[in-house]
Amino acid sequence: MTANRTVLGIVGSVSDPSKTATAVDAALAAAADREGITTETLRLADHDLVTADGRTLDAYEGDTAAALEAIVEADAYVVGTPIYRGSLSGALKNLFDMVPRGMWQADVAPFEDAAVALVATGATNHHYLAIDQELRPIFGFFGAHTVGGSVYANDDHFESTDDDGYAIADDGVRDRLADLGRATVELDDAIANGGALSGLGPQF
């Protein structure tokens, strides 16, 4: 197992409390159980991001610069988003529009050849396929290695807590999130210690 790796949870919800954050935290908790793994969380609800406008990475300031730095410094990712109108949140898409891809904008490409796990939440199961139809192609563009399985949770999978937050109420979803967190660490380790896996970034 590769030591001293950071798994960053990216929560694309601007709500607080957030079911999406609860789900991402559950996956991160399982990842953190592995030796040598540190987990951090980037919650868009806590950051006042500017609107992406094509500027270079070093031109961002404040919360936006801090969010992008967290992404650049991490090794692997658990990305979660609420699904609105069949797609990821606008706040998360705006963030992705600012992440460099190692071409004209910057000489770094944080998602390239990185392990990425995908989590989505929605009111019902109607948006289940949005993970594969909306999220996964974005990370294909970035040249990431997405974990083959993913987790979708609907409102019935959560319960309210006494501190006005949320907890996962469904054992199957809880177990699947734990497996997703562990799988992220295993995929990151395979990439870090492999050969061909770390050479399959964007072809163009």
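The values are calculated or read from the model by the stated rules, or taken from the named source; none is laboratory data. For clarity, every value in this text was computed on a predicted model and none was experimentally measured. All Cβ positions, glycine included, derive from the backbone under ideal geometry; neighbour counts span all protein chains shown.
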> Taking LEU44 and the conditions (1) among the hydrophobic types (A, V, I, L, M, F, W, C); (2) touching a Lys or Arg at 6+ places or on another chain (Cβ under 9 Å); (3) under 15 Å from SER89 (Cα atoms), which numbered condition does it fall short on, given that it satisfies the others?
Replying inline: (2)
>> Restricting to segment 114-142, give me the number of residues that are in contact (Cβ under 8 Å) with a residue 40 or more places away in the chain, assigned to a loop (DSSP other than H, G, I, E, B) and surrounded by fewer than 19 Cβ atoms within 10 Å (Cβ to Cβ).
In response: 0
> If you scan segment 1-45, which residues turn out to be assigned to a loop (DSSP other than H, G, I, E, B) and among the basic types (Lys, Arg)?
Replying inline: ARG34
> Can you pull out the residues in segment 174-204 that are of a type outside the set (S, T, N, Q), out of contact with any helix residue (DSSP H, G or I) (no Cβ under 9 Å at 6 or more places or on another chain) and in a loop (DSSP other than H, G, I, E, B)?
Replying inline: GLY194, GLY195, LEU200, PHE204
>> Residues that are closer than 20 Å to LEU88 by Cα, at pLDDT 95 or above and under 16 Å from the mean Cα position of the chain (by Cα): does segment 153-167 have at least one?
In response: yes
> Out of ALA65, ALA70, which single residue is outside any loop (DSSP other than H, G, I, E, B), in contact (Cβ under 8 Å) with a residue 40 or more places away in the chain and aliphatic (A, V, I, L, M)?
Replying inline: ALA70
> Only one of these conditions is not met by GLY54: (1) out of contact with any helix residue (DSSP H, G or I) (no Cβ under 7 Å at 6 or more places or on another chain); (2) of a type in the set (Gly, Ala, Ser); (3) part of a loop (DSSP other than H, G, I, E, B); (4) surrounded by 14 or more Cβ atoms within 10 Å (Cβ to Cβ). Which number is it?
Replying inline: (4)
